[in-house]
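Participant: I'd like to ask some things about the structure below.
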Amino acid sequence: MTDTLLAVEDLQVEFKTSEGTATVVDGVSFSVNKGETLGIVGESGCGKSVTSLSIMRLLPTPPGNIAGGRIVFQGQNLLDLSEHEMCGIRGHDISMIFQEPMTSLNPVYTIGQQISEAIRAHKKISAREARSQTVKMLEMVGIPEPAQRVSNYPHQLSGGMRQRAMIAMALSLTPKLLIADEPTTALDVTIQAQILELMRRIKEEMDMAIILITHDLGVIAEVTKRVMVMYAGTVVEEALVDDLFLKPYHPYTEGLLASIPQLNSTQERLHVIEGMVPHALQRPRGCRFAPRCPYAEEICQRTEPALLAMGGGRSVRCWKYKNSPQGGE
Amino acid sequence: MRNLLKDRRAKVCIAFLLLVIVVSLLIDHLSPHDPQTVNGDSRFLPPGKGFLMGTDEFGRDLLGRVFTGAKLTLGISFFSMLLASVLGIALGIVAGYYRGFFEKLIMRLIDITLCFPPIVVAIFVVSFFGSSAAHLICVIGLLYVPRVARVVYSSTLTVREMQHVEASKSMGASNLRIMLINIFPNILAPAVVQFSLGMGHAVLMESGLSFLGLGPAPPAITWGRMVQQSARFMDISYFPVLWPSLLICLTILAFNILGDVLRDSMDPRLKSL
């Protein structure tokens, strides 16, 4: 009924290590509609970035390996495409921005050269046209004096400017899907807000879908509508942002929300989820969160819960809700 | 690069090397004497009027011979380093970028190449294929490939992990494009340093091989050959040995210092943005 742009179905990603095969992403499924923003949250090592790299087929193989599942983009399974066909999709239909604006640009070329280079890799246009398009893109992402800035080298730009240039490059071919992997983590808070505002504006202007990956729930609240929480390679909860903040279902989400500093609270220490994400090679037998879960029961130690649909577009992976399969509010 | 000209050591070295190169290229016009003309009346002359550097055992003009020899010695060194750089950069980038099978194959081949003592390889090649400038270029060039390849390989390993490589991939760049646009310009600096240091080695190796008679055969003039031919008459006049030896020495020194300065100027810890 809705226009599904990207559907990831039961994605399994393994990494071969000397100690054995680690399943880093285990049965992740989600979909992104046209023009929608999906947030993916989770702490370090939960498989967020691996999921996004798998969509782009940029996973270093070996040691990485997509062991199963489908990634359907506009009705086409990306996992079936040849490397050459994939090159045509990257940048043109799906593009990506990265965490480190300091190193995401090639230091030996001006930003103008790099952006027009990227445009000309996909479109047959003259160097001059590409350049004027580049200036337009730089203007759109809010770089002052774009006509001068095109001939700057990355080291002459500040971090925020570089991230803007990076976004300009990623958007230069008007992709249908933008994957932003922690785009604001390396920036300071004021710049962070500007970049998020920019992404929101551009999404509207270009009618583009965004997958925003972050460990910062504040960022998610600001930009996305729907959010997916990942833990140890699996999706543990999926909900609309407002619902999630109002009433988290999964104990892990609860813990995450409780660890956000509150301005109006008098507590001195932040809430901490005890323990660590289990190592991919030593995952517990039952629920992956059980060892750290304050509500863990006997069944949690034994068997892993399934992802339960809770109604209202929500789902959660927890035994707490097994008796209320349709029980969402 | 601009900083290079501010460095006093670099300035002296560049000036010296340019002087040698320019004089050797123009020597036919600058010198009144033909470097090959034998003259029985003017044997073993010390430096003085007429012959600025003196004459050798056949009365030939040493100035002319030293700078004519520079052409061949420097030419062989340059082209062998060019060969080494082209092959070394290509192999190093491929090994470092693709990793896996290519990496193992190329790096092990390089290890094997490093096992051969250069002189033995040179004797082998010359005795099979005859001695000529081209053979010498191939021998010196191929023997230097491993050094360049290793340096380029290790730099490539660093550069390939940089995010701009991944960013380019995410924009749909092919492997070849990434190697040419993202990797090559970023590993060029250490390769240039290797080129300069390598030139010093190549001059030494060329002179050594020529001294052993493995270089281009006479009447071709190289510095090593000059030293070898005149060494027998050192008790009569040491100038025929002194000039080429001095030039070998100074040229190597200049290339090495230049390489060191280049390396320092490219050291990111010393570099100011």
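What follows draws every value from the coordinates through simple rules; no lab data is involved. All of these numbers come straight from a predicted model, not from anything done at the bench. Note: ideal-geometry Cβ built from the backbone for every residue, glycine included; neighbour counts use all protein chains shown.
Participant: Taking 0.36 nm per residue of separation and subtracting the Cα-Cα distance, what length does fully extending B:Arg43 through B:Val120 add?
Facilitator: Working it through step by step, the gained length comes to 24.1 nm.
Participant: So what is the 222 nm mean residue ellipticity for chain B from helices alone, if each DSSP H run of at least 4 adds -39500 (n - 2.57) and you divide by all residues, rounding to the nearest 500 deg cm²/dmol?
Facilitator: That comes out to -24000 deg cm²/dmol.
Participant: With no solvent and one equal point scatterer placed on each C-alpha of chain A, evaluate the Debye formula and give log10 I(q)/I(0) for q = 0.12 Å⁻¹, two decimals.
Facilitator: -0.88
Participant: Relative contact order (percent) for the range B:1-140, with alpha-carbon contacts under 8 angstrom and 6 or more residues of separation? Can you show the working numbers first?
Facilitator: On the way: 120 pairs, mean separation 23.7, N = 140.
Relative contact order for the range B:1-140 comes out at 17 percent.
Participant: In debye to the nearest 20, how big a dipole does the protein assembly as shown give about its Cα centre with +1 on each Lys and Arg Cβ and -1 on each Asp and Glu Cβ?
Facilitator: On the way: 55 positive and 53 negative charges, 243 e Å.
With Lys and Arg at +1 and Asp and Glu at -1, about 1160 debye.
Participant: Hand me the trypsin sites (Lys or Arg not before Pro) from the range B:14-93 located in a DSSP loop with no more than 13 other Cβ atoms within 10 Å, in residue order please.
Facilitator: B:Lys49
Participant: Quick one: net charge around A:Thr134, please, counting Lys, Arg +1 and Asp, Glu -1 for every other residue with C-beta under 11 Å from its C-beta.
Facilitator: So the environment of A:Thr134 carries a net charge of +2.
Participant: May I pose another question? Taking amide H positions as placed in the peptide plane 1.01 Å from N, state which residues far from A:Leu11 in sequence (5 or more) or on other chains have amide H under 5 Å from it.
Facilitator: A:Gly27, A:Val28, A:Ser29, A:Arg70
Participant: Hey, got the Cα dimensions of the protein assembly as shown along the principal axes, in Å, largest first?
Facilitator: 116, 53, 51
Participant: Taking the Cα-to-Cβ direction at B:Arg99 and at B:Cys249 and moving 7 Å from each Cα, how far apart do the two end points lie in nm?
Facilitator: Between B:Arg99 and B:Cys249, the simple spin-label model gives 5.0 nm.
Participant: Pairs of Cα atoms under 8 Å, at least six residues apart: use those to get the relative contact order of chain A, whole percent. Please list the in-between numbers first.
Facilitator: Working: 598 pairs, mean separation 62.9, N = 329.
Over chain A, the number comes to 19 percent.
Participant: Sticking with the crude label model, points 7 Å out along Cα→Cβ, report the distance from A:Arg269 to B:Ala15 in nm, one decimal please.
Facilitator: Between A:Arg269 and B:Ala15, the simple spin-label model gives 7.0 nm.
Participant: Which shape class applies to the range B:155-273: rounded if a/c is under 1.5, otherwise prolate when a/b exceeds b/c and oblate if not, where a ≥ b ≥ c are the square roots of the Cα gyration tensor eigenvalues?
Facilitator: Prolate, because a/c is 1.5 or more and a/b exceeds b/c.
Participant: Also, I was wondering about something else. Given Cα pairs under 8 Å that are at least 6 residues apart, what percent is the relative contact order of chain B?
Facilitator: 24 percent.
Participant: State the antiparallel share, in %, of DSSP beta bridges confined to chain A, rounding to the nearest 5. Show your work: numbers first, answer last.
Facilitator: Values: 32 of 51 bridges.
Taking every DSSP beta bridge within chain A, about 65 percent pair in antiparallel fashion.
Participant: So, one more: Express in whole angstrom the spacing between the alpha-carbon centres of the range B:166-210 and the range A:215-278.
Facilitator: Computed from Cα coordinates, the inter-centre distance equals 48 Å.
Participant: What is the Cα centroid distance between the range B:77-151 and the range A:1-79, reported in whole angstrom?
Facilitator: 43 Å
Participant: Now for a separate question. Can you tally the net charge around B:Thr37? Count Lys and Arg as +1, Asp and Glu as -1, for every other residue whose Cβ sits under 12 Å from the Cβ of B:Thr37.
Facilitator: -2
Participant: Follow-up. Using helices alone, I'd like the mean residue ellipticity at 222 nm for chain A: each DSSP H run of four-plus residues gives -39500 (n - 2.57), total over residue count, nearest 500.
Facilitator: Calculated mean residue ellipticity at 222 nm is -9000 deg cm²/dmol.
Participant: Related question: What does the extension gain come out to for A:Lys320 and A:Asn33, with contour length at 0.36 nm per residue minus their alpha carbon separation?
Facilitator: That works out to 100.3 nm of additional length.
Participant: Mean-square fluctuation check for chain A, GNM, Cα pairs under 10 Å: which of A:Leu263, A:Leu171, A:Leu11 is largest?
Facilitator: Among A:Leu263, A:Leu171, A:Leu11, the largest mean-square fluctuation in the Gaussian network model of chain A belongs to A:Leu263.
Participant: Give the value in nm², to one decimal: projected area of the alpha carbon convex hull of chain B, averaged over all directions. Mind showing how you got there, number by number?
Facilitator: Numbers: hull surface 70.0 nm².
Convex hull of Cα atoms, orientation-averaged projection: 17.5 nm².
Participant: Need the C-alpha centroid separation for the range B:20-62 versus the range A:158-211, integer Å.
Facilitator: Each part's Cα centre sits 71 Å from the other's.
Participant: Something else: So which trypsin sites (Lys or Arg not before Pro) in the range B:86-178 end up in coil per DSSP with only 15 or fewer other C-beta atoms within 10 Å?
Facilitator: Hits after loop and neighbour filter: B:Arg99.
Participant: Roughly how big is the range A:4-304's charge dipole about its Cα centre, with Cβ charges of +1 (Lys, Arg) and -1 (Asp, Glu), in debye to the nearest 20?
Facilitator: Rounded to the nearest 20 debye, it is 860 debye.
Participant: Another one. Let me check I've understood the local charge: for A:Gln99, count other residues with C-beta under 10 angstrom from its C-beta, Lys and Arg +1, Asp and Glu -1. What total comes out?
Facilitator: -3
Participant: Here's something else I'd like to know. Residue by residue through the range B:70-76, what is 3J(HN,Hα) from phi via Karplus (6.51 cos²θ - 1.76 cosθ + 1.60, θ = phi - 60°)? Round to whole Hz and write x for glycine and proline.
Facilitator: 4, 4, 6, 4, 5, x, 4
Participant: Between A:Leu81 and A:Val189, what FRET efficiency comes out of the Förster formula 1/(1 + (r/R0)^6) with R0 = 51 Å and r the beta carbon distance, rounded to 0.05? Intermediate results must be reported in sequence, preceding the final value.
Facilitator: On the way: r = 40 Å, r/R0 = 0.78.
Efficiency for this residue pair is about 0.80.
Participant: If you wrap a convex hull around the C-alpha atoms of the range B:84-185 and split its volume per residue, what is the figure in Å³?
Facilitator: Output value, Cα hull per residue: 98 Å³.
Participant: Further question on the same structure: From the square roots a ≥ b ≥ c of the eigenvalues of the alpha-carbon gyration tensor of the range A:155-243, which class results: rounded (a/c under 1.5), prolate (a/b over b/c), or oblate?
Facilitator: Prolate, since a/c reaches 1.5 and a/b exceeds b/c.
Participant: Okay, moving on. So how far apart, in nm, are the two label points at B:Asp235 and A:Glu129 if each is 7 Å from Cα heading toward Cβ?
Facilitator: 8.4 nm
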